[in-house]
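Here is the structure we will look at, set down as structure tokens.
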Amino acid sequence: MSDSGLITYSAISPSCNRPRKYPISKITPHHMAGNLSLKQIAEIEGRPARQMSSNYAIASNGDIALLCHEADRSWCSSSPENDHRAITIEVANDQIGGNWHVSDAAFESLIALCVDICQRNPALASGLNYTGDARGNLTKHSYFKNTACPGPYLGSRFGDLAKEVNRRLLGNQQEQQETELRAGMALHLTGTSLFAASTSQIVAGTRAGTYYLWGSAIVNGRVRITNSTANVGKSGKVTGWIDATVARAAAGIKDQADDNRGLYTLEIHDCPNRSAYTIYQSALLYDLVQWGYYRAKYCDAAKTKQFIQIGQISKGDADALRMVCNKLSVDVRG
Ligand SMILES: [Zn+2]
């Protein structure tokens, strides 16, 4: 595992795990919530008491620093699960407060750094999937912790970032990748049900992590997956079958950034633990929400009650969902 050749400054933080547990398969851009120079951010991340680090930092003039080797897990996104897989990047803000704007020079360096990371790490070779939640490989700090990071400005540009990185990385192949399932496509699975055959009714197990489409054929609404790019299309190397709709979402084909059905987010509150998920599952059954477009959050410190956010649904679907919640006397907002 190598580090980027784009850096102009390096100061390695003591706050990290050496080495990271998993291969690099994600990128997590953060905002600094400040306009620090590379030396200043390195000084902060270098203090052991701060217990924080990022793999890279980008200053407002576009300069890039290495603060934690790519081979190591940084302490950045409040999620070992994410950070053992992710390259984390702190980006300076040239506006303090408000939209927490990021300079064009810093954003351009972020694109260049992401392209470079994707080129050097095989699990990112097919580019960035921005799904708007933790399933994709371009993740936000806010998916793992109640934080404003990466801020309104940078947060709103993740779709642009993925598009531009993929354009530079993949050129014309990109169009094909975004519209249809094809053999070898990377799938980012999270607890996906696996079946032994296209027709089996019994779930054989669940799979999480990066898998690949074994072939592009859809049989009885399912597709075959495999566990490495080397096994794509090879007989005897099929891990199992998963639903084609799940595969499409896991491949980022239904990209929230391109979803213009009305972009509605609902919060379902005040239900005991797990009921919120049941409501989401019912909504899924009635085709009111897209697979994966939900996020659970706890309302209380004891973590006994949760609410869920369902995003990217049309106003009509949101109205229908609201009606279901009202019938069940469940508090729904938004
Ligand atoms: Zn952050």
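Remark: Ser4 matches the filter, which requires a residue to be more than 16 Å from the ligand (Cβ to nearest atom), in contact with a helix residue (DSSP H, G or I) (Cβ under 8 Å, 6 or more places away or on another chain) and at pLDDT 95 or above.
Return the residue satisfying two criteria in turn: it lies in segment 146-176 and is modelled with pLDDT of 90 or more and of a type in the set (Asp, Glu), and of such residues it is farthest from the ligand (Cβ to nearest atom). If we take residues in segment 146-176 being modelled with pLDDT of 90 or more and of a type in the set (Asp, Glu), then Glu164 is farthest from the ligand (Cβ to nearest atom).
Condition check ((1) under 21 Å from the mean Cα position of the chain (by Cα); (2) surrounded by fewer than 16 Cβ atoms within 10 Å (Cβ to Cβ); (3) within 30 Å of Thr190 (Cβ to Cβ)) across all residues:
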{"position": "Arg20", "(1), (2), (3)": "yes, no, yes"}
{"position": "Ile44", "(1), (2), (3)": "no, no, no"}
{"position": "Arg47", "(1), (2), (3)": "no, yes, no"}
{"position": "Tyr56", "(1), (2), (3)": "yes, no, yes"}
{"position": "Leu67", "(1), (2), (3)": "no, no, yes"}
{"position": "Glu70", "(1), (2), (3)": "yes, no, yes"}
{"position": "Arg73", "(1), (2), (3)": "yes, no, yes"}
{"position": "Ser79", "(1), (2), (3)": "yes, no, yes"}
{"position": "Thr88", "(1), (2), (3)": "yes, no, yes"}
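Here Asp94, Asp116, Asp104, Asp72 are screened, and the one residue that is away from the ligand (no atom under 16 Å from the Cβ), without any contact (Cβ under 8 Å) to a residue 40 or more places away in the chain and either farther than 14 Å from Lys26 by Cβ or not hydrophobic (A, V, I, L, M, F, W, C) (or both) is Asp104. Looking only at residues that are farther than 22 Å from Val115 by Cα and outside any loop (DSSP other than H, G, I, E, B) in segment 134-145, which one is farthest from the ligand (Cβ to nearest atom)? Only one residue fits best here, namely Tyr143.
Just one of the listed residues (Gly136, Gly132, Gly127) is of a type outside the set (Phe, Trp, Tyr), within 29 Å of Gly184 (Cβ to Cβ) and in contact with a Phe, Trp or Tyr (Cβ under 6 Å, 6 or more places away or on another chain), namely Gly136.
Which of the residues belonging to segment 14-43 are in contact with a Ser or Thr (Cβ under 7 Å, 6 or more places away or on another chain) and more than 15 Å from the ligand (Cβ to nearest atom)? Cys16, Ser25, Asn35, listed by residue number.
The values are calculated or read from the model by the stated rules, or taken from the named source; none is laboratory data. The model shown is predicted, which means the values in this text are computed figures rather than measured ones. Counting neighbours? That spans all protein chains shown, and the Cβs are built from the backbone with ideal geometry, glycine included.
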